[in-house]
Amino acid sequence: MDTATQNSAGQDMDGEGGPAPAPVAAGRPAALSPSRAADFMRCPLLYRFRVIDRLPEKPSAAATRGTVVHAVLERLFDAPAAERTPAAATGLLPGEWEKLLAARPELAELFLREDGSHDAESLARWLEEAARLVERWFTLEDPMRLEPAERELYVETVIEGAGESGLTLRGIVDRVDVAPTGDVRIVDYKTGKAPAPQFRADALFQMKFYALVVWRLRGRVPRRLQLVYLGSGDVVTYDPAEAELLAVERKLRALWEAIALATETGDWRPRPTKLCGWCDHQAVCPEFGGTPPPYPLPLPAPRAAEADGPAAPATEVQGRMDAV
Ligand code: SF4
């Protein structure tokens with residue numbers, strides 16, 4: 001799912017922080033999910049803000065719509081096959097939104113007028129957009145002919161030999177289909193548009209991450225990875241090979257080593273890109289004239305006095321990043 005480590009209530013399930021609705025205690029990285037791995041590769045400082053400092057982020061109408069649409073696509077399979085119609089699916093939207101709102105009351109701020117009153121028209125438009133995404137799904141897949149083996153499946157496995165206690169990989173797979181032959185298909189819904197082929201690496205990395213975890217858990221390489229883009233009406237499939245998943249595992253080990261080193265030294269580099277425009281943390285980012293909050297974890301004694309700046313040999317952290 002877009003919010004790869006959140007359940008249908010939008011709650012963070014990976015224990016790594018993530019876009020938190022309210023400040024929570026700082027902590028050490030405990031595991032790696034596809035979204036947090038992507039954060040670190042995009043910008044190590046962003047990873048620090050999300051996982052270690054656990055700075056709050058503003059709710060997003062698009063991400064919240066994605067959570068509600070995912071919940072509807074999951075719930076629809078509770079109904080008998082013949083009743084899985086577009087009308088039944090869109091009829092689930094208001095209830096799933098209400099459930100999410102009850103779990104995360106702060107989302108109400110997405111639909112407020114400037115004077116603070118509830119903006120019913122804005123909410124109605126948002127639900128209509130969600131309905132269009134749900135209806136588009138029926139042009140891509142036929143839920144009457146599908147019987148998923150798993151929906152919103154929480155997966156977790158430990159890669160031994162990566163660090164002292166191994167590397168825990170975890171995430172939530174939107175749907176797992178199992179053919180009579182035993183072949184496994186991993187399906188992920190995206191509420192955005194399909195990127196051009198040359199920009200699909202990030203999405204495929206997430207899918208290969210899940211494929212690696214499912215392989216480790218079930219002892220069989222998934223036959224197919226399938227991305228369903230509801231925003232543009234595209235389906236992208238990929239059949240992974242064992243060697244590719246082993247390469248992903250090596251990459252994740254290197255990533256985890258780089259994260260461990262940065263955690264230990266406090267050396268979290270900003271890596272500005274065009275995506276900074278969507279970053280909630282510009283006010284505390286040195287690239288935008290800000291100052292990060294004091295590092296909340298202990299630093300090695302000889303370097304404790306350097307807590308306000310990079311404490312590690314720059315080349316060492318950078319070298320590990322370059323190797324990822
Ligand atoms: S603004 Fe850009 S460089 Fe700064 S933390 Fe966010 S993503 Fe990283």
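Among the residues in the range 127-148, are any in a strand (DSSP E or B), under 30 Å from A81 (Cα atoms) and in contact (Cβ under 8 Å) with a residue 12 or more places away in the chain?
no
Within the range 32-49, restricting attention to residues that are buried (at least 23 other Cβ atoms within 10 Å of the Cβ) and of a type in the set (K, R), which residue is nearest to the ligand (Cβ to nearest atom)?
Across the range 32-49, the extreme among qualifying residues is R48.
Any idea which of (1) crowded, with 19+ Cβ neighbours inside 10 Å; (2) modelled with pLDDT under 95 is the one V228 doesn't satisfy?
In the conditions (1) crowded, with 19+ Cβ neighbours inside 10 Å; (2) modelled with pLDDT under 95, V228 misses (2) alone.
Could you please give the count of residues in the range 234-277 that are outside any helix (DSSP H, G or I), in the same structural domain as V184 (by TED's automatic domain parsing) and either more than 30 Å from E74 (Cβ to Cβ) or touching a Phe, Trp or Tyr at 6+ places or on another chain (Cβ under 9 Å) (or both)?
Going through the range 234-277 one residue at a time, the tally reaches 3.
Return the total of residues in the range 87-134 being under 24 Å from Y229 (Cβ atoms) and more than 27 Å from the chain's Cα centre (by Cα).
2
Of everything in the range 278-292 that's more than 7 Å from the ligand (Cβ to nearest atom) and over 17 Å from A38 (Cα atoms), which residue is surrounded by the most Cβ atoms within 10 Å (Cβ to Cβ)?
P292
Look through E150, E98 and report the one residue that is crowded, with 16+ Cβ neighbours inside 10 Å and out of contact with any helix residue (DSSP H, G or I) (no Cβ under 9 Å at 6 or more places or on another chain). Steps first, answer last, please.
Working: E98 fails: crowded, with 16+ Cβ neighbours inside 10 Å.
Answer to the check: E150.
Return only the number of the condition from (1) touching a strand residue (DSSP E or B) at 6+ places or on another chain (Cβ under 9 Å); (2) surrounded by 13 or more Cβ atoms within 10 Å (Cβ to Cβ) that G161 does not satisfy.
Result: G161 passes all but (2).
Checking the condition within 16 Å of the ligand (Cβ to nearest atom), among the aliphatic types (A, V, I, L, M) and under 30 Å from L140 (Cα atoms), which residue from L230, L245, L275 passes?
Working: L230 fails: within 16 Å of the ligand (Cβ to nearest atom); L245 fails: within 16 Å of the ligand (Cβ to nearest atom).
When all the criteria are applied, what remains is L275.
The values are calculated or read from the model by the stated rules, or taken from the named source; none is laboratory data. Keep in mind it's a predicted model, so treat the numbers as computed, not measured. Using ideal geometry, Cβ is built from the backbone for each residue, glycine included, and neighbour counts are taken over all protein chains shown.
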